[in-house]
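Rule-based calculations on the coordinates, nothing more; no lab input. As the structure is a computational prediction, the values presented were derived from the model and not from experiment. Note: ideal-geometry Cβ built from the backbone for every residue, glycine included; neighbour counts use all protein chains shown.
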Amino acid sequence: MVQILVIELLAYHTFAWASDVLGDPSCSHDAAFARTTIDHIRADEDLHVGYLQCALAELATMTVRSPGGGTVRGSELVVAASRSALDNQTGARFDRVLVYRLAQVRAELDAHPDGRRLTAEFDALANHPAEALA
């Protein structure tokens, strides 16, 4: 559940960005439709996030029996799972995903008739990938 919650929370920012970009008439053929569609998805995701937050908060108040017969505070499990989920979505994994996605963008730009110019403009946006995310 924690892993899904982390993914949902990270996606929240992506949906906000997509709504802004695709909701801009200069970037989208049907900006109103794009923004409305994305905002419907965001509203649906809000329900998932709320449910996951509630379930994890409830688990954090419980005591869980371990396979060996001992007990573990639910809050310890939630914290450990949260750290693990965040580690899985950040750091080296994030860097690998970013390199992969940038390679995909470059391949699409290379295939475009005006790809050389577009690639130069893309590269001018940031000297380092992390700067493009700021």
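Please list 3J(HN,Hα) in residue order for region 47-54, calculated via the Karplus relation 6.51 cos²θ - 1.76 cosθ + 1.60 where θ = phi - 60°; whole Hz, with x for glycine and proline.
Karplus-based 3J(HN,Hα) across region 47-54 equals 4, 5, 4, x, 4, 5, 4, 5 Hz.
Considering every Cα-Cα pair within the chain, what fraction, in whole percent, is farther apart than 23 Å?
Tail of the P(r) past 23 Å holds 55 percent of the pairs.
If you average the sequence gap of Cα pairs under 8 Å that are 6 or more apart and divide by the length of the chain, what percent do you get for the contact order?
20 percent
First measure r as the distance between the Cβ atoms of V64 and L86, then evaluate 1/(1 + (r/R0)^6) with R0 = 25 Å and state the FRET efficiency to the nearest 0.05.
So the FRET efficiency works out to roughly 0.75.
At 7 Å along the Cα-to-beta-carbon direction for both L9 and R93, put a label point, then send me their distance in nm to one decimal.
It is 1.4 nm.
Need one word for region 1-41: rounded, prolate or oblate. Basis is the Cα gyration tensor (sqrt eigenvalues a ≥ b ≥ c); a/c below 1.5 gives rounded, then a/b vs b/c decides.
Taking the square roots of the gyration eigenvalues as a ≥ b ≥ c, region 1-41 is prolate.
Suppose only helical runs count, i.e. DSSP H with n ≥ 4. What mean residue ellipticity at 222 nm does that imply for the chain under -39500 (n - 2.57) per run, divided by all residues and rounded to the nearest 500 deg cm²/dmol?
-25500 deg cm²/dmol
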